[in-house]
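Everything on this sheet refers to the single structure shown next.
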């Protein structure tokens, strides 16, 4: 599946679909990383799953869930995170205990994305 601005889109077609400032007209922007970490501002947790739109064809994406002060929440630390691989609009993030994050509903949390040779487009909480 292609949004017309994906890394696999034909270069000529991709450049034709981008606006003068380089953004895709559909609004998609990505965080591209060789190896890096992206940490969100505190957000309110909702849903039962964390779903990520990412291209990790040549790498991986893993997510920690933290307290607002930065301490990992038990069961959702870096050592618990299962890396997602491949290119998907809907990677369901997992930890050693599974993908269910419903026990964190209505809590204020911080997400820390560990990106290795990957592109992160978006994330959402789903049921």
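The values are calculated or read from the model by the stated rules, or taken from the named source; none is laboratory data. Values in this document were obtained by computation on a predicted structure and should not be read as measured data. In this analysis, Cβ positions are derived from the backbone assuming ideal geometry, glycine residues included, and neighbour counts consider all displayed protein chains.
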For residue 64, which of the numbered conditions (1) loosely packed, with under 14 Cβ neighbours inside 10 Å; (2) part of a strand (DSSP E or B) fails to hold? (1)
Verdict on residue 75 being surrounded by fewer than 16 Cβ atoms within 10 Å (Cβ to Cβ) and modelled with pLDDT under 95: no
Sort out which residues of the stretch 93-119 are part of a loop (DSSP other than H, G, I, E, B) and touching a strand residue (DSSP E or B) at 6+ places or on another chain (Cβ under 9 Å), and write them in order of number. 93, 96, 99, 100, 101, 105, 106, 107
Close pairs from the stretch 83-107: first on the phi > 0 side of the Ramachandran plot and surrounded by fewer than 16 Cβ atoms within 10 Å (Cβ to Cβ), partner in a loop (DSSP other than H, G, I, E, B) and modelled with pLDDT under 95, Cβ under 7 Å, at least 6 apart: 106/45
